[in-house]
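For reference, the structure discussed in these notes is given below.
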Amino acid sequence: MHQARPPMILVVDDEAITLHNLTHILEKEGYDVVAVDSGTKALAQLDTVEFDLVITDYKMEKVDGLQVLAQCRKLQPFTEVILITGYATVEMAVQAMREGAYFYIAKPFKIDVVRKVVKEALFKRTLQTENQELKKKIAGSRSISTILGDSEAIRAVRRTIGQIAASDANVLIYGETGTGKELAAKAIHSLSDRAEKKFVAFNCGALTEELMANELFGHEKGSFTGAHRDKPGLLEVASGGTVFLDEVADMPPTMQVKLLRAIQEGEILRVGGLEPIAIDVRFIAATHRDLDSEVADGAFRQDLYYRLNVLTLHLPPLAGRVEDIPALIRHFIRTKSLAAQKKIHDIDPEAMALLCHHSWPGNVRELENVIERAIAMGRGPTLRVDELPDYINRLSIETYRHEDAAIPTLEEQETRYIQWVLEKCNGNKTRAAQLMGIDRVSLWRKLKRFHISDDGQ
């Protein structure tokens, strides 16, 4: 059975006897202890090791206890700090607490007091950590729940997102336009250890090369006409978090070189800058193109492709998960009617039939736009066929009629649609009714009315 690691404690004191005694007390309690004899060494430790607790002397040469406390708050905000001093005063205690110390202990200290305060400080640290983990899980579940649908294809996407999020490796998302690549990227970020930091999205095909460099890398004051002040770029602003590069295949070759350097070196140069700036960013890139072909044709750098394509996520087109369309339609009806302040809460079965049979070349985004337009045109509590865009009606009718036949009546259209759905569901009427957005009784009535064979489940 896996055992949790013991708490890691940093002890800082320039008095050898105090340092030895504290280390001995804490190790006897089962803690892992790193002991250093100066504030300077403590800062170096804080820069490389994550601690659960820091116990530091207040008065030390060069770097004192308050400076150690300040750096700890900056680098490890959830690590508790206890100050030890031989010069305890009310003013000093107030200042220590104001700066973020958990407690202070006066010298000469009692062993029982040290044990008690350390135990309480570590308990607080545990509560904070659990609270942060809970917040992250809630945020992640909210984010992943925006990827709607119950098809096997979309369930596989959600499973993959959960697996990918646990890593800190870069991700490449493939998907047609409108499949929700940015939603997937946000879900990955929300479930990752970077969830508390920024998520920044950038479209690589939206700007000229010069503007792209300025947005991603920032600029120094005076680097060009109009640069009246320093401006940090998006990669700098997002440091510690996630950067989503949409349509990365549209990035110009020279920008690909600069992005590759930023990934490899973990640093960027602002436009007009001379000093590199360190960044800590997870990259999630997305494209609707075949990047393997782009690399083979020389349009996309192979080394950049390998840097971005560490983990891969494929988003299915909406046409490949038809069974999710009713749930998406009802979701968009709820959200769009609320935004438009309209009391529309349902959709006519005939309208649902047309929408479910449309090929949706623009994927979920196209469906969302169609429902938003229908809500704007809606005149009652239920969306109707005549409130859908003309091209939905026209294309859907063409889909159902035979090549040499006349345009069917609405009854013929609905009959063929029901037969088509039943065929897709292998005769399972419960599943067919779910896909059509109606209840089983309504489907049974239609089967009887249109004289459709009532065999199967």
Inset, instruction - With a point put 7 Å past each Cα toward its Cβ, work out how far Leu274 is from Gln45 in nm, to one decimal. - result: 3.9
Legend entry - Proxy reagent accessibility, fewest Cβ within 10 Å first, across Met8, Met352: Met8, Met352
Legend entry - Surrounding net charge for Ile344, when Lys and Arg each add one and Asp and Glu each subtract one, Cβ distance under 14 Å: +4
Legend entry - Diffusion constant of the range 255-348 at 4 °C, which comes from Stokes-Einstein with the Kirkwood Cα-pair radius and 1.567 mPa s, µm²/s: 74
Legend entry - For the chain, calculated [θ]222 nm from helices alone, where every DSSP H run of n ≥ 4 adds -39500 (n - 2.57): -15000 deg cm²/dmol
Inset, instruction - Using DSSP, restrict attention to beta bridges with both residues in the range 145-316 and report what percent are antiparallel, rounded to the nearest 5. - result: 20
Legend entry - Estimated FRET transfer efficiency when R0 is 35 angstrom, pair Leu338-Arg159 (beta carbons, to 0.05): 0.70
Inset, instruction - Could you calculate the contour length gain from Asp168 to His331, that is, 0.36 nm times the residue separation minus the distance between their Cα atoms, to one decimal place in nm? - result: 55.5 nm
Legend entry - Local net charge near Gly320, Cβ-Cβ under 12 Å (Lys/Arg +1, Asp/Glu -1): -3
Inset, instruction - Treating the angle as unsigned and between 0 and 90°, give the value, to the nearest 10°, between the Cα long axis of helix 16-28 and the longest Cα principal axis of the chain. - result: 40
Inset, instruction - Compute the separation of the alpha-carbon centres of the range 163-200 and the range 271-330 and state it in Å as a whole number. - result: 10
Inset, instruction - Would you grab the residues whose amide H sits under 5 Å from the one on Val63? Only those 5+ places off in sequence or on another chain, please, with H modelled 1.01 Å from N. - result: Gly39, Thr40
Legend entry - Rounded, prolate or oblate (a/c below 1.5 giving rounded, otherwise prolate when a/b exceeds b/c) for the range 8-132 by Cα gyration tensor: rounded
Inset, instruction - Report the label-to-label distance for Asp112 and Glu15 in nanometres (one decimal), using points 7 Å from each Cα along the Cα→Cβ vector. - result: 2.2
Legend entry - Linear extension gain, Glu99 paired with Val441, 0.36 nm per residue minus alpha-carbon span: 116.4 nm
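Is the C-alpha gyration tensor of the range 176-303 telling us rounded, prolate or oblate? Criteria: a/c under 1.5 is rounded; beyond that, a/b larger than b/c is prolate, otherwise oblate. Numbers along the way, then the final one.
Numbers: a/c = 1.80, a/b = 1.25, b/c = 1.44.
Oblate.
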Inset, instruction - Determine, for Thr79, Thr430, the number of other Cβ atoms within 10 Å of each Cβ, and report the residues in order from fewest to most. - result: Thr430, Thr79
Inset, instruction - Would you mind ranking Leu245, Leu269 by Cβ crowding within 10 Å, fewest neighbours first? - result: Leu269, Leu245
Inset, instruction - Apply the Karplus parameterisation 6.51 cos²θ - 1.76 cosθ + 1.60, with θ equal to phi minus 60°, to every residue of the range 242-256 and state each ³J(HN,Hα) to the nearest whole Hz, in sequence, with x for glycine and proline. - result: 10, 10, 9, 9, 7, 6, 5, 5, 7, 6, x, x, 5, 6, 4
Legend entry - Local electrostatic count, Phe103, Cβ distance below 9 Å [Lys/Arg +1, Asp/Glu -1]: -2
Legend entry - Length released on extending from His314 to Asn131, taking residue separation times 0.36 nm less the Cα-Cα span: 62.6 nm
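State which entries of Lys336/Lys448; Lys59/Lys198; Lys124/Lys181; Lys74/Lys119; Lys116/Lys186 exceed 32 angstrom in Cα-Cα distance in the structure shown.
Values: Lys336/Lys448 35 Å; Lys59/Lys198 37 Å; Lys124/Lys181 39 Å; Lys74/Lys119 23 Å; Lys116/Lys186 42 Å.
Pairs exceeding 32 Å: Lys336/Lys448; Lys59/Lys198; Lys124/Lys181; Lys116/Lys186.
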Legend entry - Cα-Cα P(r), the chain, percent of pairs per 20 Å interval: 19, 36, 29, 13, 2, 0
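Readers should treat all values here as calculations from the given coordinates under stated rules, not as data from a laboratory. In this text, all values refer to a predicted model and were calculated from it rather than measured experimentally. Here the Cβ is made from the backbone with ideal geometry for all residues, glycine too, and neighbour counts use every protein chain on show.
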